[in-house]
Amino acid sequence: MTAPTRSWGLAATMAALLWLPGTADAQRQAVGVTTAGQAIAVERDGDFVRVRTPGQQVEASGDDWRKRVSVSRGASDALLVELGAREADGTIRVALSGDILFDFNSTAIRPAAGDSLAKIAQVIRDRSRGDVYVVGHTDSVGADAYNQKLSEDRAAAVIAWLNRTEGIPASLMLGRGMGKTQPVAYNTLPNGADNPQGREQNRRVEIFLATRDGVDLRSAVEVTRVAGAGGSDIVVERSADRQTVQVGGRTIDVQQGAGGQRLQVGDTVVEVPQGAAATTTGRAGSVVAGAGASRNLRASQPLQCSGTRVVTLEGVLIDTPGVAVEASGTCKVIIRNSEIRSQTVAIAASGMSNIEIIDSVVTGRVTSVGASGTAVVSANGSEFRGALAKSGLATFNDRGGNRLP
C-alpha cells in the first residue's frame, strides 16, 4: 500500500468547500469518465469525486426521490440481510463484488448488476441521512496509478447508475478510489503464488451511508479490512515514515491519516493510533489496545434495535442512566470487545431478539441483562456486574469463559 498524498481531513474540508455557494470554479477539476459508451461529467476535489449528469440529475431538495420504489421484496431491513450488509454505530456498509458489477478492466455497469444496485438504492431511500459514499477498490495486479484511476472511475460509474436509473440525487453521493491500498484478502499465498480467490474479494465497490445525523462516514471509509486471518497474532508497528500491521505471518502497510487508522481483521477492529513508535500484540477476536491500555474503546450512543435488523457493536463504550442496549422483534445484536454500563438495566432483550455478548463487560446497577419473551442471550469470555434476569421462555446461554454474578 502507498500512503495517500492528502489526509482525509484535508479531503473532507475541500469536499465541503466544493459545495459552498460562491466557491470559485477554479477549485474544481473536471475529470473525463466514459461508461457504457456514455460520458460522465465528474468533478474532482482533493481525494473525492462528484458526478454531474446535466438534465438527468434528481435534485436533493425535498423527499420526493425517497418515494420511488423499484424493489418490492420486503423492507430495507430485509434487503440489508440479503445484501450481506454490516450495520453498526449509525453506519451501514455494503460491499459488492467488482466482478458482478463490471467486466474485466471495464467501467460499464453489467446488466446483471442491476438487481443488486436497485436493492441498494432502496436502502438509501429508506435509511440514509446525509451523504452516501461509494468507494472503489482493485486487486494488486497492475500499476498503482492505473488501479487508482480504475477504482475511482468505477465508483463514479456506480454513482451515475444510481442517479440515472434509480433517481438517487447525484449531489448526495461522493466517490473515492482506493486502488489496491485496502485489500480484504491476500492477493498472493504465503509461498508467493497467485491467489485468485483473494484478488476476487479485493475487486469490489463499497457503499457507506449514515442512518442518523452527525455520523462521520470518513471514519468508516478509512477502515482497512483483512479477511481470512482468524486466530492469528496481530502486530502493529510504526516508524517515522511507515506503519504496518503483521497478521497471519503477512505484513500489510497501513495508510497514515491525521486521525489514526483502523484495521479490521475478520470481525476484529484494531485501532492503529498515531504518535510515538510502539508495538502492540494480541489475538484476532480481541481488540488490540494501544500501549498501556486494556481496551481501546470509542464512545457510542445507546442502541434501540427492532424489526429484522442485525447490528454489531465493536470496541464501543456505552454509559447511560437508562437502558443502554434494547433489542426487540427479531433483531440480532452482536456486542464484541465492548463495555456496556447503565444505572438501571444495561441490556434488555424481548420478543424473539437475539443478543451475542463476546469478550465484553456489562454493568447494570439494577440488572446487567434482562430477557423476556423468547429472547435468547448468549455470552462467552465476558463479565457481568449486576443480576441476570429472565422471564417467559427467554434463555441465557453460558458458552464459557464468563464471570457471572
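Derivation of every value follows stated rules applied to the coordinates shown; laboratory data play no part. Not measured: the values here are computed from a predicted model. In this analysis, Cβ positions are derived from the backbone assuming ideal geometry, glycine residues included, and neighbour counts consider all displayed protein chains.
Given the options Thr211, Thr188, Thr165, name the one that is within 16 Å of the chain's Cα centre (by Cα) and surrounded by fewer than 22 Cβ atoms within 10 Å (Cβ to Cβ). Steps first, answer last, please.
Values: Thr188 fails: within 16 Å of the chain's Cα centre (by Cα); Thr165 fails: within 16 Å of the chain's Cα centre (by Cα).
Exactly one of Thr211, Thr188, Thr165 is within 16 Å of the chain's Cα centre (by Cα) and surrounded by fewer than 22 Cβ atoms within 10 Å (Cβ to Cβ), namely Thr211.
Out of all the residues in the stretch 164-187, which are over 20 Å from Ala112 (Cβ atoms) and either part of a helix (DSSP H, G or I) or among the aromatic types (Phe, Trp, Tyr) (or both)?
Ala170, Ser171, Leu172, Tyr186
Among (1) part of a strand (DSSP E or B); (2) more than 20 Å from Gln304 (Cα to Cα), there is one condition Leu393 misses while meeting the rest; what is its number?
Every condition holds for Leu393 apart from (1).
Of the numbered conditions (1) under 23 Å from Asp99 (Cβ atoms); (2) in contact with a Ser or Thr (Cβ under 9 Å, 6 or more places away or on another chain); (3) not hydroxyl-bearing (Ser, Thr, Tyr), Leu217 satisfies every one except a single condition; which is it?
(1)
Report the residue count in the stretch 333-361 for those that are without any contact (Cβ under 8 Å) to a residue 40 or more places away in the chain and charged (D, E, K, R).
Residues that pass the stated criteria total 2.
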